[in-house]
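I have placed the structure first, in the form of structure tokens, so that the comments after it can refer back to it.
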Amino acid sequence: MSVDSRRIEKVFSVMQGIAEAGDGLVRVGAIADVLREENAPVPAWQLRADCSALSDAGRITLDTGSGAWLVVPEQRVEGVA
């Protein structure tokens with residue numbers, strides 16, 4: 001698995017945790033906060049690109065009303081590639 005793939009999977013994992021702990025809406029800033037707390041900071045532009053990649057793969061969708069991301073329900077199972 002490439003470095004980019006590992007980072008994207010980590011971002012997705014963090015998104016799942018945020019979604020499950022809250023109202024289901026995930027903002028890029030919240031992802032950045034969690035990664036920073038885990039001593040694995042990622043620049044906001046990279047997180048935005050990772051979210052675009054996850055969206056292109058059908059794993060997350062954008063909630064246009066709030067501007068936040070939603071994890072696609074079928075993707076909440078661990079290990080879905």
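List of remarks:
- Qualifying GluC sites (Glu not before Pro) in segment 1-62, where qualification requires a DSSP coil assignment and no more than 12 other C-beta atoms within 10 Å, comprise GLU38.
- Difference of contour (0.36 nm per residue) and Cα-Cα distance, LEU25 to ALA49: 6.9 nm
- With contacts taken as Cα pairs under 8 Å and at least 6 residues apart, the chain reaches a relative contact order of 27 percent.
- The trypsin sites (Lys or Arg not before Pro) of the chain include none that meets both criteria, a DSSP state outside H, G, I, E and B (loop) and at most 10 other C-beta atoms within 10 angstrom of the site's C-beta.
- You can think of it this way: the chain between ASP63 and SER13 has 16.1 nm of extra reach, that is 0.36 nm per residue less the Cα-Cα gap.
- If a spin label sat at a point 7 angstrom from the Cα of ARG36 along the line to its beta carbon, the backbone N atoms of segment 42-76 nearer than 15 Å would be those of 42-48.
- Taking amide H atoms as placed 1.01 Å from N in the peptide plane, the amide H of ASP63 lies under 5 Å from those of ALA68, TRP69, LEU70, each 5 or more residues away in sequence or on another chain.
Read-outs throughout are calculated quantities, based only on the coordinates presented, and are distinct from any laboratory measurement. On a predicted model such as this, the values are computed, not experimentally measured, just so you know. Every residue, glycine among them, receives a Cβ derived from its backbone with ideal geometry; neighbour counts consider all protein chains shown.
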